[in-house]
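Inspection log for the structure reproduced underneath, given as structure tokens.
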Amino acid sequence: MCPEILTAPISTTLRPAVTFLLREVHVTGENLPGVLRRRPRLLTKIGFSRRDAKVMFRRFPSLFCYIIEENLEPKFDYFVVEMGREMMELNVFPQYFSFSLEKRIKPRHMMCVEKGVCLSLPVMLKSHESRFRLRLDVCCTSSMPVRQSPFWCVLVIAFDVEVPRIAISS
């Protein structure tokens with residue numbers, strides 16, 4: 001199921017992964033073989049550092065329940081290739097993997113691309129459809145107030161808007 005384990009260095013890849021599962025995730029020693037049989041790819045992470053993986057799994061432990069080939073891989077590929085996003089965004093919002101690729105992620109990403117807007121993952125995915133469309137419309141139809149204006153912060157807080165090329169977190 002995961003041939004890359006056979007070539008992975010024990011001291012730098014496998015040992016830290018097993019240690020992480022035992023200490024941080026609290027998998028018991030007797031359950032470890034079963035966990036690794038079900039999800040052998042847990043031993044090789046997708047380019048995340050050990051610390052990043054630890055943060056993601058602490059924030060969203062349900063990641064352990066997803067099937068890699070059916071859920072994680074397609075969504076990760078879409079995230080990196082089609083969306084062109086940074087890996088750090090997944091560390092901040094690992095819940096991305098809980099949303100439907102075909103029903104939520106792709107359609108909303110395409111709407112954002114069509115409008116030329118880049119929303120943070122939580123803003124793009126968490127909100128109800130009507131609230132998402134409202135945010136998208138606000139970004140496209142409204143002119144942004146100047147930073148010195150008292151409305152600058154009000155707009156960002158009220159609509160949870162992320163302005164392209166300006167670093168505003170949601």
Here the qualifying pairs (Cβ atoms under 7 Å; residues six or more apart or on different chains; first in region 21-38 and within 21 Å of Arg51 (Cβ to Cβ); second of a type in the set (Phe, Trp, Tyr) and assigned to a helix (DSSP H, G or I)) come out as Val25/Phe57
Helices (runs of 4 or more DSSP H) wholly inside region 1-111 containing at least 1 residues that are of a type in the set (Asp, Glu) and either more than 23 Å from Leu136 (Cβ to Cβ) or modelled with pLDDT under 80 (or both): 50-59, 73-77
Just a yes or no: is a residue in region 103-117 on the phi > 0 side of the Ramachandran plot and exposed (fewer than 13 other Cβ atoms within 10 Å of the Cβ)? yes
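Among the residues of region 100-122, which ones are over 25 Å from Glu73 (Cβ atoms) and among the β-branched types (Val, Ile, Thr)? Walk me through how you get there before you give the answer.
Within region 100-122, the subset over 25 Å from Glu73 (Cβ atoms) is 114-117.
Hit for region 100-122 is Val117, nothing else.
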Quick check on my filter: what residues within region 112-122 are in a loop (DSSP other than H, G, I, E, B), closer than 21 Å to Met56 by Cα and among the aliphatic types (A, V, I, L, M)? Leu119
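The values are calculated or read from the model by the stated rules, or taken from the named source; none is laboratory data. These numbers come from a predicted model, not from an experiment. Glycine also receives a Cβ, built like all others from the backbone with ideal geometry; neighbour counts cover every protein chain displayed.
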